[in-house]
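Each remark here refers to the structure printed beneath this line.
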Amino acid sequence: MQSASDLISTWFSEDTIMEDYKDTQIIEQFVQNVEDFSSQYGSEISVSYTAFNLRGPPSNFPDYGDYPQAFVMRTYGPWWDEAPSYQEDYTPQNSGRIQSHDFVEVSFERAVYPLEVAVFETFNPGALVRIWALGPTSWVLLWEGEPENVGDTPRIFSPPIREVNFPTRILRLEFNHKLLPYYTELDAVLLKGKESTNLFKRKSNSGYSSPFFKRSQPMIEKGVLLKQVIASNLHEKVMEPSNLMPKDVNVDTGPPLGDFHRLPDETILLVFKYLDMQSLCRCAQVNKHFRRLASDAILYRCIDLRPYWHCVRSQVLVTLSMKCKFLQKLDLSWCGSHCMIQPNFVVNFLRQSGANLTHLRMNCCKFVDNSVLKAIVDTSSNLQELCLRSVVSCSEWSYLSSLTKLKRLDLYRTHITTSAAVAVVWSNPGLQHLNVGSCKMISAMDEVAIALGSNCLDLMSVDFWKSYSLTAVGIRALGNCKKLQELDLGWCLQAGGSGEWLAALAGGELRKLFLGALRGVCDRDLRLLLPRATKLAQLDLLGVRAVSPDVCADILAECRELRLLDVSFCDQIQEFQVHEWRKQYPNVSIKRSFQSANLNTAPNSLFLVPSLE
């Protein structure tokens, strides 16, 4: 087998450089820094499975398997969409044909005109669906494609990318996990490009288009976001305020409406309700009649701008605020990167349009600071859903305790403190879904769990992922929550000394239970829960070493609704047993991770170095 360096040099050898570039120096560089990401399997105090493993050259490639030196995101396949905590899109028509579930943003040392982007995938490849480049004023799509199920093989994925006329040092990769059989793992990202502008001058002066440029045209699918306009300048302007709300002087009185003039406004509004945001903006440019209808506030009760994160700027909020007097649901997730949205514009928007908000998502939004947090609380007292995943610029989390009607609160990877988390739980007795996974500033998670067990009896799902301060005391308190359907205790290591607390869970409604790395859980603990967990559909036993094949066989036989069982790194379970179960229970997706035989490039497996987690 070729070494990683040999394979890399083969992939990017001089033979691959086109005739046009013979007299120029091609720069190849790996990631210097990770600027942002939506989720990671690793924790904030770890180096294993984190986004920052993308820095530098590959660590494991071309070995294939599960290695902690890779970047791993938290979800795969359809399982999270089938869980009780699943969140529906507010306006699914905006999402287009290819949806994105996660992203990672990386930067390189030198800005170049991109010629190739190569992604080193070492486990379950195929999730990459988009590559973006940050230009002087906006993001530009370099490539887009469908997710794939590639199979069990490592690969360097280097799709044909779009030619751009600016240098960049920042890329954003988007992923769709729906076809993944298990977690995908990325080892490195390489950007190949040219610093000089001579390349583009020569092409424009001669009129010659090389084979590279022919194959590098953007892969644009008809109907996506109306979707990706072919001319790049129009693509960048489509969400500008002038296009969201065209001025009267620029709106034509025609063309004739044909049969549309016979329809009442209510009927046209009903049709407009099914349009994505960009289509609605285009309709507003047809004529004055359509402009008036396309600006009707009834069409703006639910707004989802996440699919347009790359082009939404502060002024868009100013324009939308004129139409949003009935706004109930707003999703700004992923928007505002690189100061494209300023906090004061969000504050003003909430003051003008947030009074009726019941659902608000601002996941991975860097503009969310203390002023925005306070504006949310002051203007939107009727909030039932608040999602602030990976928001790390706030310190005054105690503001949230003023909200009293929350049913869903997602604070994954935030810096909320123990006292603030406990206060917001006590203020919201109707809370049904809570995510406090990877909240490293919560130093006493037991207090949060006890508050849930005492005050939130309608609780349906709670995510404690990598909460290292949660113990059996807190988990037992959840026994009071008789409606609990989903519980994620993955990597809650303080609770892993024993699994006797499983007997305290109500169990009757439980559908999803993740126990990853809780090595104290044994057959006896699972058998106590099993008779009361007849609705169990997803069970993660990754790394639960004491679990035997016998209890797994009982689980498969007795849990008739089971659809997912993860027995990765369960020492007592052998590969042949997994193969037998897969034949016997074809409706159950049984997961078993592995590392390739060559461990020279990855000496630290998942459970050989538990201190890293």
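Points worth noting:
- Residue within the stretch 540-556 that is in a loop (DSSP other than H, G, I, E, B), open to solvent by 10 Å² or more (accessible area, probe 1.4 Å), in contact with a Cys (Cβ under 7 Å, 6 or more places away or on another chain) and at pLDDT below 95 present: yes
- Flag for Leu565 being within 19 Å of Ala495 (Cα to Cα), at pLDDT 95 or above, crowded, with 21+ Cβ neighbours inside 10 Å and within 25 Å of the chain's Cα centre (by Cα): no
- Annotation note: of Lys288, Lys323, the sole residue that is surrounded by 18 or more Cβ atoms within 10 Å (Cβ to Cβ), more than 19 Å from the chain's Cα centre (by Cα), over 30 Å from Leu431 (Cα atoms) and of a type in the set (D, E, K, R) is Lys323.
- Each residue in the stretch 445-493 was checked for being in a helix (DSSP H, G or I), more than 12 Å from Ala504 (Cβ to Cβ) and aliphatic (A, V, I, L, M), and 6 pass.
- Test: residue in the stretch 147-156 that is open to solvent by 10 Å² or more (accessible area, probe 1.4 Å), outside any strand (DSSP E or B) and of a type in the set (Lys, Arg): no
Residue-by-condition table, conditions (1) under 24 Å from Ser85 (Cβ atoms); (2) surrounded by 23 or more Cβ atoms within 10 Å (Cβ to Cβ):
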| residue | (1), (2) |
| --- | --- |
| Cys364 | yes, yes |
| Phe367 | no, yes |
| Ile376 | yes, yes |
| Ser381 | no, no |
| Glu385 | yes, no |
| Leu388 | yes, yes |
| Leu400 | yes, yes |
| Leu403 | yes, no |
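- For the stretch 574-594, the set of residues classified as part of a loop (DSSP other than H, G, I, E, B), open to solvent by less than 40 Å² (accessible area, probe 1.4 Å) and modelled with pLDDT of 95 or more consists of Val588 only.
- For the stretch 458-476, filtering for residues that are open to solvent by 10 Å² or more (accessible area, probe 1.4 Å), aliphatic (A, V, I, L, M) and under 21 Å from Leu406 (Cα atoms) leaves 1.
- Screening Leu134, Leu173, Leu179 for residues that are aliphatic (A, V, I, L, M), touching a Pro at 6+ places or on another chain (Cβ under 8 Å) and touching a residue at least 60 places away in the same chain (Cβ under 8 Å) leaves exactly one candidate, Leu179.
The values are calculated or read from the model by the stated rules, or taken from the named source; none is laboratory data. Please read all numbers here as calculations on a predicted model, not as lab measurements. Using ideal geometry, Cβ is built from the backbone for each residue, glycine included, and neighbour counts are taken over all protein chains shown. Side chains included, ligands, DNA and RNA excluded: accessible areas come from the protein's heavy atoms. Shrake-Rupley method; radii C 1.70, N 1.55, O 1.52, S 1.80 Å.
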